[in-house]
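Worksheet for the structure shown next.
The values are calculated or read from the model by the stated rules, or taken from the named source; none is laboratory data. Treat the numbers as computed from the prediction; the structure is a model and nothing was measured. As a convention, Cβ positions derive from the backbone with ideal geometry for all residues, glycine included, and neighbour counts pool all protein chains shown. Just the protein is used for accessible areas: all its heavy atoms, side chains included, with ligands, DNA and RNA removed. Shrake-Rupley method; radii C 1.70, N 1.55, O 1.52, S 1.80 Å.
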Amino acid sequence: MNIKLCTETFNLNNPASMETYISLGGYEAWKKIVERKSSKLEIINKIKESGLRGKGGAGFLTGLKWSFIPQQAKQKYLVCNSDESEPGTCKDRDILRYNPHAIIEGMLIASYAIGASVAYNYLRGEFLDEQWKVFNNALEEAYKNNFIGKNILSTNISIEIYSLIGAGAYIVGEETAMLESIEGKRGMPRIKPPFPAIKGLFGKPTIINNTETLASIPKIMLNNEGWYKDIGIGNSEGIKIFSMSGHINKPNNYEIPLGTPFSNLLKLSGGVLNGNKLKAVIPGGSSVPVIKGEDMMMTTMDYPSIAKAGSMLGSGGVIIMDETTCMVSVLHRISRFYYSESCGQCTPCREGTGWLHKILSNILNGKGTLNNLDQLNKIANQIEGHCICALGDAAAMPVRSFLKHFWHEFEYYVEKKESMVS
Amino acid sequence: MNQKYVINDEIINQIDRVKRKFPEMESKSSIIESLLIIQHHNQGFVTKEIIQALAKYLGIKEIDVFEVATFYTMINIKPVGRNVIAVCNNISCMLRGSDNILNYIEKKLNIKVGESTPDKKFYLKDEIECLAACNGGPMMQVNHKNYENLTLNKVDKILEGIK
């Protein structure tokens, strides 16, 4: 069984063309829905039953999210989150440039199901060259073929899809910050509730889904009930792209059934670089806790197994670190990221991420003290759970996990003023 | 620099296309893309005069545009070199040697991150974080175009090929 959803076109000629997409059954699901005027509730239920979870990081059940939308509301919006910026994650950029029609068809089906007549795809600003152009071309093609627009395929269904471009801000990947950004403001997350499904873009009910999530929808709709669920191995449901990066021989995006042993994924991506020993893995983007290599080897790539190992599946950005990695340097780099990307709205995050970075810089420059290590933990605890959005938590979790698993390395660095590994 | 900035017709056309994506009352929504368009036609940066002109054209307050221009890192509010180099040195790229690449470029161009060369040919952009090409690390963007799996040799060739 070698099922692919979002990556199906990746290795074909002209992967982004409508012709290629249609040759693989593309737009069949959408045509059926439009021709039969399928029940919205049935679509939502099918997605709910499939077990599809948001593939951007939070892993929330997609169908359940859709069901929160008040169907009677007149104006509703769908937003596709293509603001891929989580360090270690580079899957959406490939879907955007190699399989854009799957995103468009997924957006159409989702818009129909929630009753939105307008949908936006928000791409990060740095995708301005390749992804922005490819996606806009695909959009134009789909408009020409009347899959989008007014009176779709000669019915009375009308849905508009627009592409939007960001201008550099990690925080805009947070769904309410994205709404602020689309409204033309600074990307500062909103307090929830109200949730976007009730009060979202321009004050109207809005569903925000990740690119990979939406690109998964057409195939789920096209196949029988239970099909998506059954792709997963063991108790896991479905399939996910893992971006393999860092010390790995064949860094790439691998779309594999959830529940696949991590050891298989490691083998698939060519094993650890230079045959070195695996030291540590960040399994779901830089925001999730680090796991020791030997513990990671015991996991399977699914939500419960990674949670049991003390981390999260997150975005599926798997960062591999071999025995030559200095964990102090890595954590220092992670702390710089959150310090630089904090929007500055909540004091614990704005100040705390700065303190974390300053202390780690001191340690790296040989000016650290053992007291600093306790301070790092303390500050992390004071940030986590005390802010409007999850960026603060994302800054805190790596700190605590790095200290927990590699305390001796930090201690060594403070005492000897040099790295334990170099 | 104190001359009044006039948005030309070509840019007005492009901004009007952006406006059509949003409900009529939502004038602010067009700010980000409009700033990127104007910046592209203004040697890669925006000025106070541009911000004023755009605010006037969109019928919003100057501060609304200024807020956006200063929040998003891709909008430059000071003059920069013609070619923008952005080197990713977040974790995945760092593990594959991006610090060497960045140091090499700094030495080669004799500027630090955040600076432009005196001839205004290159701008080594600051505030660069993960550029979502983790499996191509080390990588950089030159004028938004990705160059991946960099070596010092490759960097030489890329930079020498730029006018």
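Within the bounds of region A:122-129, is there any residue that is buried (at least 23 other Cβ atoms within 10 Å of the Cβ), part of a helix (DSSP H, G or I) and either more than 10 Å from chain B (Cβ to nearest Cβ) or of a type in the set (Lys, Arg) (or both)? Within region A:122-129, none of the residues are buried (at least 23 other Cβ atoms within 10 Å of the Cβ), part of a helix (DSSP H, G or I) and either more than 10 Å from chain B (Cβ to nearest Cβ) or of a type in the set (Lys, Arg) (or both). In region A:78-95, how many residues are touching a Ser or Thr at 6+ places or on another chain (Cβ under 6 Å), part of a helix (DSSP H, G or I) and not acidic (Asp, Glu)? So the count comes out to 1.
Going through region A:347-376 one residue at a time, which ones are touching a residue at least 12 places away in the same chain (Cβ under 8 Å) and over 18 Å from A:PHE337 (Cα atoms)? If the condition is that a residue be touching a residue at least 12 places away in the same chain (Cβ under 8 Å) and over 18 Å from A:PHE337 (Cα atoms), then A:GLY366, A:GLY368, A:THR369, A:LEU370, A:ASN372, A:LEU373, A:GLN375 are the ones that fit.
In this structure, is A:PRO196 surrounded by 20 or more Cβ atoms within 10 Å (Cβ to Cβ), part of a loop (DSSP other than H, G, I, E, B) and touching a residue at least 60 places away in the same chain (Cβ under 8 Å)? Answer is no for this residue. Number of residues in region A:182-193 that are within 14 Å of chain B (Cβ to nearest Cβ), open to solvent by 10 Å² or more (accessible area, probe 1.4 Å) and either farther than 18 Å from A:LEU78 by Cβ or among the polar types (S, T, N, Q) (or both): the value is 3.
Let's see how each residue does on (1) under 30 Å from A:GLN72 (Cβ atoms); (2) part of a strand (DSSP E or B); (3) open to solvent by less than 10 Å² (accessible area, probe 1.4 Å); (4) modelled with pLDDT of 95 or more:
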position: A:TYR143; (1), (2), (3), (4): yes, no, no, yes
position: A:LEU153; (1), (2), (3), (4): yes, no, no, yes
position: A:ILE157; (1), (2), (3), (4): yes, no, no, yes
position: A:GLU160; (1), (2), (3), (4): yes, yes, no, yes
position: A:ALA167; (1), (2), (3), (4): no, no, yes, yes
position: A:ALA177; (1), (2), (3), (4): yes, no, yes, yes
position: A:GLU180; (1), (2), (3), (4): yes, no, no, yes
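Within region A:270-318, being basic (Lys, Arg) and in a strand (DSSP E or B) holds for A:LYS279, A:LYS292. Criterion first (surrounded by fewer than 21 Cβ atoms within 10 Å (Cβ to Cβ) and either over 24 Å from A:THR211 (Cα atoms) or away from chain B (no Cβ under 11 Å) (or both)) does A:ILE248 satisfy it? Here the answer is no, as A:ILE248 does not meet what is asked. Candidates A:GLY344, A:GLY392: the one that is among the small types (Gly, Ala, Ser), open to solvent by less than 30 Å² (accessible area, probe 1.4 Å) and in contact with a His (Cβ under 9 Å, 6 or more places away or on another chain) is A:GLY392.
Of the residues screened, B:ILE60 is one that is in the same structural domain as B:SER27 (by TED's automatic domain parsing) and in a loop (DSSP other than H, G, I, E, B).
Go through A:ARG350, A:ARG333 for me and flag whichever is assigned by TED's automatic domain parsing to the domain that holds A:ALA396, closer than 18 Å to A:ILE171 by Cβ and at pLDDT 95 or above. Answer to the selection: A:ARG350.
Taking the criterion of being outside the structural domain of B:ASN13 (by TED's automatic domain parsing), out of contact with any Pro (no Cβ under 9 Å at 6 or more places or on another chain), at pLDDT below 95 and not hydrophobic (A, V, I, L, M, F, W, C), would at least one residue in region B:120-127 satisfy it? There is at least one residue in region B:120-127 that is outside the structural domain of B:ASN13 (by TED's automatic domain parsing), out of contact with any Pro (no Cβ under 9 Å at 6 or more places or on another chain), at pLDDT below 95 and not hydrophobic (A, V, I, L, M, F, W, C). Would you mind stating whether A:LYS267 is more than 14 Å from A:ASP302 (Cα to Cα), without any contact (Cβ under 8 Å) to a residue 60 or more places away in the chain and open to solvent by 10 Å² or more (accessible area, probe 1.4 Å)? When the stated conditions are applied, A:LYS267 passes them.
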